[in-house]
Amino acid sequence: MATLKAGLLGVGSMGRHHARILRDIEGVELVAVADPGGDPYRVAGGIPLLANVDELIAAGIDIAVVAIPTRFHAEAALTLADAGVHTLVEKPIADDSASGHRVSEAFEARGLVGAVGHVERFNPALQQLRRRLAEGDAGAVYQIATRRQSTFPARIGDVGVAKDLGTHDIDLTAWVAQSVYSSISAQTAFKSGREFEDMIAMTGRLESGIITNHLINWLSPMKERVTLVTGERGTFVADTATGDLTFHANGTELFEWDSVSTFRGVSEGDVTRFAFAKREPLRAELEAFRDAVLGQPSELSTMSEAVHTLEVVESALESARDGGRLVRIGREQH
């Protein structure tokens with residue numbers, strides 16, 4: 001396997017984890033890190049600590065990970081694209097979807113691998129869930145609901161809970177269902193004295209017809225990361241905090257007489273908790289990034305998909321500002 005020289009832009013609370021894994025995965029050598037704010041977690045170790053993205057590029061890197069505040073994502077990514085560096089940008093792709101489009105188009109035009117760190121795609125519970133849904137284990141899927149709640153994170157200062165956490169739920173829902181969003185509505189709350197929302201409730205529909213529901217906040221004294229998928233055969237419950245997947249089967253089937261089918265409700269059936277290997281999602285994501293650069297297929301979020309995710313979140317915030325009205329979402333297919 002060829003060794004890729006990696007650079008890391010941003011060594012804060014997220015960047016330090018990227019550094020740990022980049023140092024450890026086969027076929028990658030972390031040669032430099034850069035952060036204008038210094039190195040509070042002492043990530044650099046024995047490699048150069050640089051001041052900015054230009055110095056990072058000058059270190060001769062093949063690939064880069066961008067883990068800086070959201071408002072700086074687009075500028076840094078465009079600079080890396082101009083330099084011909086394959087890049088993984090932490091989510092969201094940019095501060096707004098228009099900037100995200102420019103970033104996506106820049107990487108596509110240059111034939112570079114451009115990916116976005118929607119790491120839930122590599123959560124073992126969600127990978128199992130996606131495979132089982134594709135195989136028809138739930139039958140026709142009716143609804144996907146997520147709950148993502150926790151205390152306020154001191155690390156986030158430039159976006160609200162919708163762009164920071166909501167992007168996870170929008171992306172994982174579209175990825176698990178293999179369908180993009182067609183509409184969304186939302187309500188928000190501002191309880192922390194900041195200009196950005198700290199609570200959002202979103203209801204939407206995918207192009208496939210699946211109904212979606214997302215409850216997300218920074219106001220809960222406990223941490224919850226749950227995805228529920230309800231279909232004609234039962235409900236899958238994925239706990240992405242623990243990586244567990246459970247299936248609650250329906251105890252009652254549909255009854256059919258001639259051409260008439262009557263739904264008579266469901267009852268509790270068997271409950272199955274699946275056993276499977278659980279790898280660290282961030283490690284799996286960075287290995288997938290390495291493999292994509294080497295020409296192998298991967299399940300990474302493309303920049304185009306990440307732009308759609310950001311458009312959905314922006315539409316939800318627009319809906320909330322307008323009293324919760326339904327917003328239609330258009331998406332250019334790539």
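Of the numbered conditions (1) in contact (Cβ under 8 Å) with a residue 12 or more places away in the chain; (2) open to solvent by less than 40 Å² (accessible area, probe 1.4 Å), THR151 fails exactly one; give the number of that condition.
(2)
Picking from ALA77, ALA58, ALA51, ALA98, which residue would you name as being among the small types (Gly, Ala, Ser) and touching a Leu at 6+ places or on another chain (Cβ under 9 Å)?
Criteria check complete, one pass: ALA58.
Condition first: modelled with pLDDT of 95 or more, touching a Ser or Thr at 6+ places or on another chain (Cβ under 8 Å), part of a helix (DSSP H, G or I) and not acidic (Asp, Glu). Can you find one or more residues in segment 88-99 that meet it?
The answer is no, given that none of the residues of segment 88-99 is modelled with pLDDT of 95 or more, touching a Ser or Thr at 6+ places or on another chain (Cβ under 8 Å), part of a helix (DSSP H, G or I) and not acidic (Asp, Glu).
Could you tell me which residue of segment 197-235 is most open to solvent (accessible area, probe 1.4 Å), considering only residues that are among the polar types (S, T, N, Q) and part of a loop (DSSP other than H, G, I, E, B)?
Step by step, filter segment 197-235, then rank; the result is SER208.
Please determine whether any residue of segment 236-251 is more than 17 Å from the chain's Cα centre (by Cα), modelled with pLDDT under 95 and open to solvent by 30 Å² or more (accessible area, probe 1.4 Å).
Yes, that holds for at least one residue.
Give me a count of the residues in segment 111-139 that are out of contact with any helix residue (DSSP H, G or I) (no Cβ under 6 Å at 6 or more places or on another chain) and open to solvent by 50 Å² or more (accessible area, probe 1.4 Å).
6
Could you identify the single residue in TYR181, TYR142 that is surrounded by fewer than 21 Cβ atoms within 10 Å (Cβ to Cβ) and either farther than 23 Å from VAL116 by Cα or not small (Gly, Ala, Ser) (or both)?
Answer to the selection: TYR142.
Based on this model, can you work out whether ARG42 counts as part of a loop (DSSP other than H, G, I, E, B) and open to solvent by 40 Å² or more (accessible area, probe 1.4 Å)?
yes
Scan segment 147-196 for residues that are closer than 14 Å to GLU314 by Cβ, touching a helix residue (DSSP H, G or I) at 6+ places or on another chain (Cβ under 6 Å) and not in a helix (DSSP H, G or I) and report the count.
So the count comes out to 6.
For segment 26-36, indicate whether the set of residues that are under 28 Å from THR309 (Cβ atoms), open to solvent by 70 Å² or more (accessible area, probe 1.4 Å) and part of a loop (DSSP other than H, G, I, E, B) is non-empty.
yes
Which condition from (1) open to solvent by 20 Å² or more (accessible area, probe 1.4 Å); (2) modelled with pLDDT of 95 or more is the one that GLY157 breaks?
GLY157 satisfies every listed condition except (2).
The values are calculated or read from the model by the stated rules, or taken from the named source; none is laboratory data. Model, not experiment: these values are computed from the prediction. For neighbour counting, all protein chains shown are included, and Cβ atoms are generated from backbone atoms with ideal geometry for every residue, glycine included. Protein only, heavy atoms only, side chains kept; ligands, DNA and RNA dropped before computing areas. Shrake-Rupley method; radii C 1.70, N 1.55, O 1.52, S 1.80 Å.
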